[in-house]
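A quick write-up on the structure given underneath.
Read the figures in this text as sums done on the coordinates, not as results from a lab. Fair warning: this is a prediction, and the values are worked out from it, not measured in the lab. As a convention, Cβ positions derive from the backbone with ideal geometry for all residues, glycine included, and neighbour counts pool all protein chains shown.
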Amino acid sequence: MNRLDATSSDTRNRDQLKILLLQIRDGAQVRMEEHLSFAEYCGVALEQIDILNVFDTPDFPVSAADNYDALLVGGASEANVLKPDQFPFIQACQNLIRHCGETAKPVFASCFGFQLAVLALGGEILHKDAGFEMGTIPVSLTSAAVDDLLFQDTPDGFSAISVHRQYADGLPGDCQLLAYTEQCAHSFKLKGKPFWAFQFHPEVDKATLIERLTFYKSHYTDGDGQLDRVLSSAVETPESNILVRKFVDRVLLKQT
């Protein structure tokens, strides 16, 4: 894995950060893996990230992240953002994310978190039964990315990990599109707020993709043949993964 090592120049107050991870994971293995991935790519200790898992706590206040330095929102494989009747915590998630946007709480939302954010801000999420993105993909940047705090030094066409059936082909008016593929929007910033969302998975690397997609192969693939094709074409994704660290360094620690 291409982990980023903390250096003496970026430890100023790093160990004092407290971050909340809004987690939409049911299985014990993937819960821990996601927690570990975010902590390692953020460059913080595991205990600096508290977990609010919606399968354990489906009802929670909009103020749940108020006493934290930032909110992270992870992905999901057991839930569908378009089925709030089946997953009643979806509305509470949207309320929390919207509140963070309104109060300028720093937010870094990945995959399912991206979809929740689009809905929370008044946008629309669509669904694909087949032909959806799965594996490592090239992601294009918009002209707005040149001046973005996280994307300004990211190369166009960088590789990222993306596995999702739901997607957005447009964004709410107060969102600035930063990255996209032919299929859908892939990253945006809420204008004037320290709030970024990513349809791809910045917190997931190639090794984790292999582990996670193998675990969920019956959910996303039509068998071992398709799984093997996806995994054999997977590449490392350092430019995507470093976005998590940039969020901590440049937004939370205000380092340049």
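A few comments on the model shown:
- Overall dimensions of the chain by Cα: Rg and Dmax, Å: 16.8, 49
- Considering only beta bridges that DSSP places wholly inside region 8-252, some 55 percent are antiparallel.
- Between the amide H of T237 and those of K206, distances stay under 5 Å, these residues lying 5 or more places away or on another chain, with hydrogens modeled in the peptide plane.
- Positive dipole terminus of region 65-168, leading residue within V73, T142, L126 (C-beta point charges): L126
- Listed cross-link partners K128/K193; K189/K246; K83/K246; K83/K191; K18/K206 are compared with a 23 Å cut-off, the Cα-Cα value being larger for K128/K193; K83/K246; K83/K191; K18/K206.
- Residue among C93, C184, C111 with the largest mean-square fluctuation in a Gaussian network model of the chain, springs linking Cα atoms under 10 Å: C184
- Ranking of F89, F198, F132 by neighbouring Cβ atoms within 10 Å, starting from the fewest: F132, F89, F198.
- Going from the fewest other Cβ atoms within 10 Å to the most, the residues I210, I19 appear in the order I210, I19.
- Between E239, E47, E133, the residue with the greatest mean-square fluctuation in the GNM of the chain (Cα pairs under 10 Å linked by springs) is E47.
- Across region 51-62, rounded Karplus estimates of 3J(HN,Hα) from the backbone phi angles (6.51 cos²θ - 1.76 cosθ + 1.60, θ = phi - 60°) give 10, 10, 8, 6, 6, 8, 10, x, 10, 7, x, 5 Hz, Gly and Pro being marked x.
- Among H99, H164, sorting on how many other beta-carbon atoms sit within 10 Å of each Cβ, with the fewest leading, yields H99, H164.
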